[in-house]
Structure formats: C-alpha cells, structure tokens
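Below: the structure, in structure tokens.
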Amino acid sequence: MPQSETKTCEQCKAQYIIEPDEIPDHIRDAPDTITDEILTCASRSRNCKIISAELQLYRRMILPIPRKCFYCRHQDRIKKRGPFNLYDQKCDNCNKDIQAAFDPKGLEIVYCEQCYQQEVI
C-alpha cells in the first residue's frame with residue numbers, strides 16, 4: 001500500500017496513518033497489514049482501525065473498506081431513517097383515539113394496544 005510520509009497519531013502515538021484517499025477502492029486490493037495501520041476519517045479526521053474480523057467480513061461480503069469512522073457512518077444511517085413522527089389516529093378495531101408512527105394516509109392497519117394484544121394472543 002502506498003504510504004505518504006510517515007505520520008504519528010496525536011491520540012495514540014502510533015505511526016502509519018492512512019488518509020482516506022490512500023485507502024484501496026476495492027477490498028481485493030487491501031493487504032492484511034491494513035489491520036496494523038490507522039485510518040483517518042474522511043469527514044471528521046477522526047482516527048480508527050480495522051480489526052481482522054472486520055477485514056474478513058468486508059472480504060466475504062466484497063465490501064470496500066469504509067473511508068469514514070464508525071460514528072460518522074452511524075450518523076449517516078440515522079439521517080437516512082427519516083424523522084420519527086407520531087400521528088393522531090383511530091384504532092381500526094374499536095375506534096379508540098391513539099397515536100401511531102404510521103401515516104394516516106397509508107394502508108397499514110392500526111390497532112390500539114388492547115386490540116393488538118387480543119389479535120396477537
């Protein structure tokens with residue numbers, strides 16, 4: 001793997017920091033030694049490491065090595081979920097007023113807790 005100049009991590013004093021643009025684009029190009037190196041996050045410049053089990057998973061699933069740290073990837077997933085809204089609705093069984101996460105314009109059947117328990121149990 002091409003290394004730019006040898007750098008030292010401010011947090012752990014380890015060397016061999018890899019910048020995001022130095023991370024291989026395809027997992028087949030990632031050497032086993034990448035687990036010994038420190039990766040810099042593309043969005044926050046936070047350092048992270050890849051452990052061997054994680055590398056094996058990426059290889060098995062043919063996934064590229066992430067260029068962002070775990071925390072930034074988690075924030076990206078949260079943003080993709082969309083907002084959590086509660087809507088005022090009526091139970092489709094007993095007509096009781098309830099709040100549900102489903103949009104009232106949708107086709108989902110919405111029950112109050114008591115009607116749901118009767119239906120399931």
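Where a number appears in this text, it was derived from the coordinates with a stated rule and is not lab data. This one's a predicted model, so the numbers in the text were calculated from it and none came from an experiment. Methodologically, a virtual Cβ is constructed for each residue, glycine included, from the backbone with ideal geometry; neighbour enumeration extends over all protein chains shown.
Looking only at 53, 101, 42, which one moves most when the chain is put into a Gaussian network model with springs between Cα atoms under 10 Å? Per the Cα network of the chain with a 10 Å cutoff, 101 tops the list.
With the Cα gyration tensor of segment 17-81 giving a ≥ b ≥ c as the square roots of its eigenvalues, does the rule (a/c under 1.5 for rounded; else a/b larger than b/c for prolate; else oblate) give rounded, prolate or oblate?
Values: a/c = 1.89, a/b = 1.30, b/c = 1.45.
Verdict is oblate for segment 17-81.
In order along segment 85-99, phi translates into HN-Hα couplings of 10, 10, 10, 6, 9, 10, 4, 6, 9, 10, 6, 6, 6, 9, 10 Hz, rounded to whole numbers, per the Karplus curve 6.51 cos²θ - 1.76 cosθ + 1.60 with θ = phi - 60° and x for Gly and Pro. For residue 47, the amide hydrogen comes within under 5 Å of the amide hydrogens of 41, counting only partners 5 or more places away or on other chains and with H modelled in the peptide plane. Among the listed values (1) 188; (2) 103; (3) 127, the one computed from these coordinates for volume of the Cα convex hull per residue in Å³ is (1). Charge dipole (Cα centre; +1 on Lys/Arg Cβ, -1 on Asp/Glu Cβ; no other charges) of segment 17-81 amounts to roughly 660 debye.
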